[in-house]
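Here is the structure we will look at, set down as structure tokens.
The values are calculated or read from the model by the stated rules, or taken from the named source; none is laboratory data. Here the structure is a predicted model, which is why all the values come from computation and not from measurement. We place every Cβ from the backbone using ideal geometry, glycine too, and count neighbours over all the protein chains shown. Note: areas computed on protein heavy atoms with side chains; ligands, DNA, RNA excluded. Shrake-Rupley method; radii C 1.70, N 1.55, O 1.52, S 1.80 Å.
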Amino acid sequence: MAAVGAYGEAAVDPAGAQRYAADWARAVRRLGFVPLSAAETERMLLGHSVRLAQLLLSVEPVTPVAEEVGQALVVAHLTEPAVIEWTVRTLGDRFAREVLGVAVVPPGLAERIVAAQGGLAAGFAGALRDRTFVQQEGIARSAWQARDAVEEALRDSEARFRAVFGGAAIGIGIAGVDGTIIDVNQSLADMLGYAVQELRQTNVATLFHPDDAAGMWELYRELIEGKHEGARVEKRYYRKDGSAVWTDLAVSLIRHDDGRPRFTVAVIEDITERYEMQQRLRFQALHDPLTGLPNRTQFFDTLDRLVGQPDASGRVGVCFLDLDGFKAINDSLGHDLGDRLLVMIARRLADCVAEQGYLVARMGGDEFVVLVDGVSTVDDVIAVAETALAAVCAPVCVGSRQLVVSASVGIVDSELAGPSSSELMKAADASLYWAKAEGRGRWAVYDPERSARDSARSALAAGLPAALERSEFVLHYQPIVSLLDGRMTAVEALVRWQHPELGLIGPDRFIGLAEETGLIVGLGEWVLRQACQDAQRWHAEFPAAQLVVSVNVAARQADAPAIVDTVADALASTGLPAELLQLELTESAVMGSAGEPLRTLYRLAALGVRLAVDDFGTGYSNLAYLRRLPITCLKLAGPFVEGIRHNEPDDADHRDERIVDALVRLAHALELWVTAEAVETEAQAERLRALRCDTAQGRLFAPPGPPEAIVARLRGPR
């Protein structure tokens, strides 16, 4: 059975591999001398074919194994240049179709086939070069050391050397210690575009590329001075037509019998195609394929070189840019148009920012980043960000459509010896989030203090679930008193978080987080049950007080299908009479309720509990709808009460007083009880009495306190 690889339907076809190996064996026997029998040759090449097929379908690196196959051909004495040419060509032309059964080669497999071709050629050339070098060196040494004593051996050795020298597929050259070329083989002459006679008596210096000539002469001097026996480098040579050829150069020093340098032997392999392929792969690895801009890898490589060095000086800035509403463009107009828009935005950024010498990179999606090097102050970075925003915001024509887009930018600047690259980008990402939150087409500069607050807020949000499990929440109660006789008629349950590290935390720091995370439902249920339990204990000890406990119900709680069952269960499990429980809902949650929400309110009222509208006057204020709701109390919003705090009221006080008067009259007309919140002065209390407000709460009467404070108040002075 064929083994399926990592490229879909591609698989090793044993029959196809057998046919391919048979063709391969026939080709190598046709192209040159083969020391093995036909069957042995075919069996060996079948093994190489299967190995290459399994390699291409795997995820392991291609080049090392392909090089081993190329070396194995040389070891098997299949050294004719036409053999490797046939092998590399058919690997690209036929192999995928005949051995892997692939009609259309996918890009990933094509890349691996190219890498295998390069590896085969490199392994073959390297093995042939090494063997040639060893043979040549052995031949030369044998010839010169035995020339007087073994004349016949010298002639044989010379013949073998000439056979290797002339028939080698890679270039070989011999030069004196002064750099004058003594001899070259035909392969080297062809590689450089000269005739053999033209290269003889030419100095190697004339062939050096100017970019590496100085280094090469230094290396050559050290070689002929006897400091090294050999050297191997990748370098460029000039061809006769002026073009450059990249080579893998191995140079060895041949000495006289007394150790003095005599001449050098160079083995040169043309690696131009491999080098250019490496350059293309490197470009692809460091650039975004859609826009052509540097990608995040190149950006971070550049940033890493700049920041975090102990001896670095100066400052660096980062502008992290994200298009506003790009997802909507993709969803409505299609990804093709979205990609074209990204290309145009990238070109604009490159034109307006990159021309100033700053690196512009695409981080992915619709995110771009500008690395502002050599800045003096954050104002320099802001100027770059504003330039980028202006370029993005100009109308864009994509096909037949004209689009207007905007972007948000997060800005951070830092000393080069300051934070790491990841810390800088984390700060830029945070400031981008702030800019997004403030609206479209804005920038925001990183503020460490704001970031610390955000981190603390995130830490609180992350700790909420565990805090609920560990019973870290406590209830405080604020008395609600009658404005007629000062008697405490109710208490409002207010939740606090007894944090193990931060101490007692007020609801303003965590209730919003609980609503965002959805934990408000579980937390609200705990508050309800605990408040009912405390209220039942007070009722049992002070039954005459008929103290009502008022519990806030968040909009998300009120929308929960199980809210009625939860309240009923809390009353049943604690034994608290339903009339002693009041549920406070915000005006926005109550007003406009229709359908199931309205039925939920009536079902709650049917349990016997009281329903109150909290912060009345700040929400929808649908007065016509108010009379349909089964509520018993309106709680006036604190800002109205604060407006009547002066002894000598001004015009604003008069307005607030008239509003409170109207709201109280409205509530009484609907036969509702009225409670005023945030009463802090006796003057406020007196005016509320004059306006016939029923009850009030605030620091004038008592701040929120633990349950023991309510017990003490119920017992009265001793």
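Say we look at segment 555-588 and pick out the residues that are hydrophobic (A, V, I, L, M, F, W, C), modelled with pLDDT under 90 and touching a strand residue (DSSP E or B) at 6+ places or on another chain (Cβ under 8 Å); which of these is least open to solvent (accessible area, probe 1.4 Å)? Taking the candidates together, the pick is 558.
Can you find, within segment 314-345, the residue that is most open to solvent (accessible area, probe 1.4 Å) among those that are aliphatic (A, V, I, L, M) and touching a strand residue (DSSP E or B) at 6+ places or on another chain (Cβ under 6 Å)? Looking at the filtered set, the residue picked out is 344.
Against the test of being at pLDDT 95 or above and either farther than 22 Å from residue 505 by Cα or of a type outside the set (Gly, Ala, Ser) (or both), the options 717, 704 yield a single qualifying residue, 704.
Identify all residues within segment 244-287 that are among the polar types (S, T, N, Q) and over 19 Å from residue 170 (Cα atoms); write none if there are none.
Filtering segment 244-287 for residues among the polar types (S, T, N, Q) gives 247, 252, 264, 272, 278-279, 284.
Scanning segment 244-287 gives 278, 279, 284.
The sole residue among 193, 215 that is surrounded by fewer than 16 Cβ atoms within 10 Å (Cβ to Cβ) and at pLDDT below 70 is 215. Checked against (1) part of a helix (DSSP H, G or I); (2) modelled with pLDDT under 85; (3) not charged (D, E, K, R), residue 78 meets all criteria but (1). Within segment 682-718, can you find the residues that are buried (at least 16 other Cβ atoms within 10 Å of the Cβ) and outside any helix (DSSP H, G or I)? Within segment 682-718, 691, 693, 694, 695, 696, 697, 698, 700, 701, 702, 704, 705 qualify.
The single condition among (1) open to solvent by less than 60 Å² (accessible area, probe 1.4 Å); (2) under 30 Å from residue 245 (Cβ atoms); (3) without any contact (Cβ under 8 Å) to a residue 24 or more places away in the chain that residue 280 does not satisfy is (1). Of all residues in segment 497-537, which are touching a strand residue (DSSP E or B) at 6+ places or on another chain (Cβ under 7 Å), free of Cβ contacts under 8 Å to residues at least 40 places away in the same chain and either open to solvent by 30 Å² or more (accessible area, probe 1.4 Å) or β-branched (Val, Ile, Thr) (or both)? Listed by number, the residues that qualify are 498, 499, 504, 507. Answer yes if at least one residue in segment 398-412 is surrounded by 14 or more Cβ atoms within 10 Å (Cβ to Cβ), over 22 Å from residue 304 (Cβ atoms) and without any contact (Cβ under 8 Å) to a residue 60 or more places away in the chain, and no otherwise. No, segment 398-412 contains no residue that is surrounded by 14 or more Cβ atoms within 10 Å (Cβ to Cβ), over 22 Å from residue 304 (Cβ atoms) and without any contact (Cβ under 8 Å) to a residue 60 or more places away in the chain. Return yes when residue 464 is touching a residue at least 40 places away in the same chain (Cβ under 8 Å), surrounded by 11 or more Cβ atoms within 10 Å (Cβ to Cβ) and in contact with a strand residue (DSSP E or B) (Cβ under 8 Å, 6 or more places away or on another chain) and no when it is not. In short, no. Summed over segment 479-496, residues that are farther than 25 Å from residue 566 by Cβ, surrounded by 13 or more Cβ atoms within 10 Å (Cβ to Cβ) and not polar (S, T, N, Q) total 4.
Being assigned to a helix (DSSP H, G or I) and more than 13 Å from residue 82 (Cβ to Cβ) is the filter here; which residues of segment 27-47 pass it? Break it down into steps so the answer makes sense when it comes.
Here is the first cut: in segment 27-47, the ones assigned to a helix (DSSP H, G or I) are 27-31, 38-47.
Scanning segment 27-47 gives 38, 39, 40, 41, 42, 43, 44, 45, 46, 47.
I want to confirm something. Restricting to segment 50-76 and keeping residues that are of a type in the set (S, T, N, Q) and out of contact with any strand residue (DSSP E or B) (no Cβ under 9 Å at 6 or more places or on another chain), which single residue is surrounded by the fewest Cβ atoms within 10 Å (Cβ to Cβ)? So, considering only residues that are of a type in the set (S, T, N, Q) and out of contact with any strand residue (DSSP E or B) (no Cβ under 9 Å at 6 or more places or on another chain), the one surrounded by the fewest Cβ atoms within 10 Å (Cβ to Cβ) is 58.
Restricting attention to segment 77-112, the residues that are in contact (Cβ under 8 Å) with a residue 40 or more places away in the chain and open to solvent by 10 Å² or more (accessible area, probe 1.4 Å) add up to 14.
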